[in-house]
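Report on the structure given below.
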């Protein structure tokens, strides 16, 4: 052990010292499956699920066998050691990281099991799918367990790679390849921010270890703190699909549904929230108030964007994706509130991980049964055909819209309450946005529920894109069991977690700061439920009483058209970044071709041409050489005489 | 003694040699003209040696003669072999070594 440890940090011992196994097991699974190739086809899915389940078991053992009043530092090896740049490869096991580890391995295990059933149409490639999932789990665990910003960055890029590979899973389809590229590129934009933040830390604090950075950051100048805060936020925006980098997340639904559930709803996209919560010693500083305000604004804007677009889409998974975008907006808003909200952001993250994974798995179950049909206008009346899917999905739905005493109710309420508790007009603006978001969430989720599961079966008589009839059926046990477990978690998780989690997280992210807004906590709860009920009621009045057309209506208001076009998010990115970028590269190519290459080629051509002419003087006639020698000699002699006598 | 006449003669011989090298085509004649130039230089060296009253210039003259003899041996051999292969002794005909 070379580095000194800060207060409250001890060397890992006991169960925590085996934490490296958490990473190693899925990494080993991925390696065996990728290197083993076709030979592992028969049992690859079992190995892939086994490693994650084992990691989950280990995480549970670690959870119960470790004292989380302290932060445990596990030094593995010296990773990078170049002059002053010394980075250890180490893990940090504390309340925050173990919470994430339990979520990742727990939900990850369920989704691995679900994938065994979901991917049984593609037996040939199922092994590779599990290899990528294992790779993802390993990288995600590294992201949350690393003890420095560089190890976090390593995991950050690892999950980006796994996400890219899995979004582009259906390689033959153009839209999947495009979506994968889009996700990768937009993530790079955020990664640049994170990388710059790390550079700034190393430049100014001489280290990237959490303990050392957080110890040194208090004395840093305000400008530096705000810069680091904003750059970290840019990284979080890229990974978590926050405004203005939200457009990749809905497109990422081109991947198989378990991927959408695990990576693009429950775990990876919440990495931005983790990053900000982990950096809470930076954001909590009074000097970082401006950075925190920007975090809150980004969160609030994203809540509204996600909700509004979610109301207009007809694609089952894309509505859920925009729902994810807006729910992560809640978490970002919560962690932007500072000490009043960190714990609630994490709480919402965990509960959201459960119910959103469950909702996605339900969507996957529906699509599995309906020949991959994702257009909700072509579904309907499925509750009789798929009772387990329907009931588990409904529980997830109730949890998401904040039905009293289900998990979303507890976590979202706390966020709304904390937002309303901000001073002055801020409290009303952010609290109002959060309340409005709750109403809109209830509206679009009720619309989904009615169009997919209730009402008339609009699919009878229609054929799917590949020309087959629809024969909806309940999914196999490997798929329904994870859905049931997640539904149970969505129902019970919130109550238990809201009791335990904030206190549990105190050693990692500090005490929860009590907020006292204009409204009492109970009033806020009643208000939020009432607004959700109004949203759900409006959705029922619009979609529940009359039959919806199978074709999407074309004559719609401007608001709906804007929402269908992602509120022009893609156009914005295109106009602000993509086109100027193209122009810049074209201009640079022009300068390079004409300017730099022109100079180099011009010199070469000039030398070549002049030597070609000079060559002509080599005539081969000895007498002309003699003449030139004579002339030269005369010149030399004349020069000598001039120097001598003039 | 006055060196003027010696030096004038020497310059005259050197000029004849140089012009001969430039205008004549026959390799043998060019060769003889080169000898003429060398010996014009020798005459100058000897004149100045005499003028200065030491032997340096005369020793230099001997060196020039030795070099000239060696040059004649090699040069004539080359000219002869060119004549054997190409049936000509004209320096303008041997112009293959060019651009």
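Would you say residue A:395 is at pLDDT below 85 and touching a helix residue (DSSP H, G or I) at 6+ places or on another chain (Cβ under 6 Å)?
Answer is no for this residue.
For segment A:115-169, what are the residues that are out of contact with any strand residue (DSSP E or B) (no Cβ under 6 Å at 6 or more places or on another chain) and not in a helix (DSSP H, G or I)?
Correct list: A:122, A:146, A:168, A:169.
Just to confirm my filter: which helices (runs of 4 or more DSSP H) fall fully inside segment A:195-274 and include at least 3 residues that are in contact (Cβ under 8 Å) with a residue 40 or more places away in the chain, under 30 Å from residue A:74 (Cβ atoms) and assigned by TED's automatic domain parsing to the domain that holds residue A:154?
Helices (runs of 4 or more DSSP H) meeting the threshold: A:210-216, A:222-240.
Looking at this structure, is residue A:161 closer than 29 Å to residue A:253 by Cα, under 22 Å from the mean Cα position of the chain (by Cα), at pLDDT 90 or above and surrounded by fewer than 17 Cβ atoms within 10 Å (Cβ to Cβ)?
In short, yes.
Being part of a helix (DSSP H, G or I), within 14 Å of another protein chain (Cβ to nearest Cβ) and in contact with a strand residue (DSSP E or B) (Cβ under 9 Å, 6 or more places away or on another chain), is that true of even one residue in segment B:27-45?
Checked segment B:27-45: at least one residue is part of a helix (DSSP H, G or I), within 14 Å of another protein chain (Cβ to nearest Cβ) and in contact with a strand residue (DSSP E or B) (Cβ under 9 Å, 6 or more places away or on another chain).
Only one of (1) surrounded by fewer than 24 Cβ atoms within 10 Å (Cβ to Cβ); (2) closer than 21 Å to residue A:347 by Cα; (3) in contact with a helix residue (DSSP H, G or I) (Cβ under 8 Å, 6 or more places away or on another chain) fails for residue A:94. Which number is that?
Only one criterion in (1) surrounded by fewer than 24 Cβ atoms within 10 Å (Cβ to Cβ); (2) closer than 21 Å to residue A:347 by Cα; (3) in contact with a helix residue (DSSP H, G or I) (Cβ under 8 Å, 6 or more places away or on another chain) is unmet by residue A:94, namely (1).
Only one residue in A:440, A:395 is in a helix (DSSP H, G or I) and closer than 12 Å to residue A:490 by Cβ, so which one is that?
A:395
Name the single residue that is surrounded by the most Cβ atoms within 10 Å (Cβ to Cβ) among those in segment A:509-549 being at pLDDT below 80 and in a helix (DSSP H, G or I). I'd like the intermediate steps shown before the answer.
Narrowing segment A:509-549 to residues at pLDDT below 80: A:509-521, A:544-549.
When the remaining residues are screened for being in a helix (DSSP H, G or I), the result is A:509, A:521, A:544.
Values: A:509: 23, A:521: 16, A:544: 17.
Looking at the filtered set, the residue picked out is A:509.
How many residues, within segment A:46-78, are part of a strand (DSSP E or B) and touching a residue at least 60 places away in the same chain (Cβ under 8 Å)?
Within segment A:46-78, residues that are part of a strand (DSSP E or B) and touching a residue at least 60 places away in the same chain (Cβ under 8 Å) number 6.
Count, please, the residues in segment B:80-99 that happen to be more than 12 Å from chain A (Cβ to nearest Cβ) and either under 21 Å from residue B:37 (Cα atoms) or in a loop (DSSP other than H, G, I, E, B) (or both).
Result for segment B:80-99: 3.
For segment B:11-26, name all the residues that are within 11 Å of chain A (Cβ to nearest Cβ) and outside any helix (DSSP H, G or I).
Hits for segment B:11-26 are B:24, B:25.
Report, by residue number, each residue of segment A:600-623 that is surrounded by 11 or more Cβ atoms within 10 Å (Cβ to Cβ) and within 9 Å of another protein chain (Cβ to nearest Cβ).
Answer for segment A:600-623, where residues must be surrounded by 11 or more Cβ atoms within 10 Å (Cβ to Cβ) and within 9 Å of another protein chain (Cβ to nearest Cβ): A:617, A:618, A:619, A:620, A:621, A:622, A:623.
How many residues are part of a helix (DSSP H, G or I) and touching a strand residue (DSSP E or B) at 6+ places or on another chain (Cβ under 9 Å) when one looks only at segment A:300-328?
Number of matching residues: 2.
Considering only segment A:276-294, how many residues are assigned to a helix (DSSP H, G or I), in contact with a helix residue (DSSP H, G or I) (Cβ under 7 Å, 6 or more places away or on another chain) and over 22 Å from residue A:146 (Cβ atoms)?
6
Condition first: crowded, with 18+ Cβ neighbours inside 10 Å and in a helix (DSSP H, G or I). Now tell me which residues in segment A:452-483 satisfy that.
Across segment A:452-483, the qualifying residues are A:452, A:479, A:480, A:482, A:483.
Those residues that are buried (at least 20 other Cβ atoms within 10 Å of the Cβ), free of Cβ contacts under 8 Å to residues at least 24 places away in the same chain and not assigned by TED's automatic domain parsing to the domain that holds residue A:48, I need them from segment A:128-157; list them, please.
A:155
Starting from residues that are within 12 Å of the chain's Cα centre (by Cα) and under 18 Å from residue A:181 (Cβ atoms), keep the ones in segment A:248-268 and report whichever is modelled with the lowest pLDDT. Working first, answer last.
Residues of segment A:248-268 that are within 12 Å of the chain's Cα centre (by Cα), as a first pass: A:248-250, A:252, A:260, A:262-268.
With under 18 Å from residue A:181 (Cβ atoms) added as a condition, the list becomes A:248-250, A:252, A:260, A:263-264, A:268.
Numbers: A:248: 85, A:249: 85, A:250: 85, A:252: 85, A:260: 84, A:263: 83, A:264: 80, A:268: 87.
So, considering only residues that are within 12 Å of the chain's Cα centre (by Cα) and under 18 Å from residue A:181 (Cβ atoms), the one modelled with the lowest pLDDT is A:264.
Of the conditions (1) over 30 Å from residue A:208 (Cα atoms); (2) crowded, with 21+ Cβ neighbours inside 10 Å, residue A:54 clears all except one; give me its number.
Of everything listed in (1) over 30 Å from residue A:208 (Cα atoms); (2) crowded, with 21+ Cβ neighbours inside 10 Å, residue A:54 misses just condition (2).
Output the residues belonging to segment A:49-70 that are under 26 Å from the mean Cα position of the chain (by Cα) and closer than 19 Å to residue A:103 by Cβ.
Residues satisfying the conditions are A:49, A:51, A:52, A:53, A:54, A:55, A:56, A:57, A:58, A:59, A:60, A:63.
The values are calculated or read from the model by the stated rules, or taken from the named source; none is laboratory data. Note that the structure is predicted; figures quoted are calculated from it, not measured. Don't worry about glycine lacking a Cβ; one is built from the backbone with ideal geometry, like all the others, and counts go over all protein chains shown.
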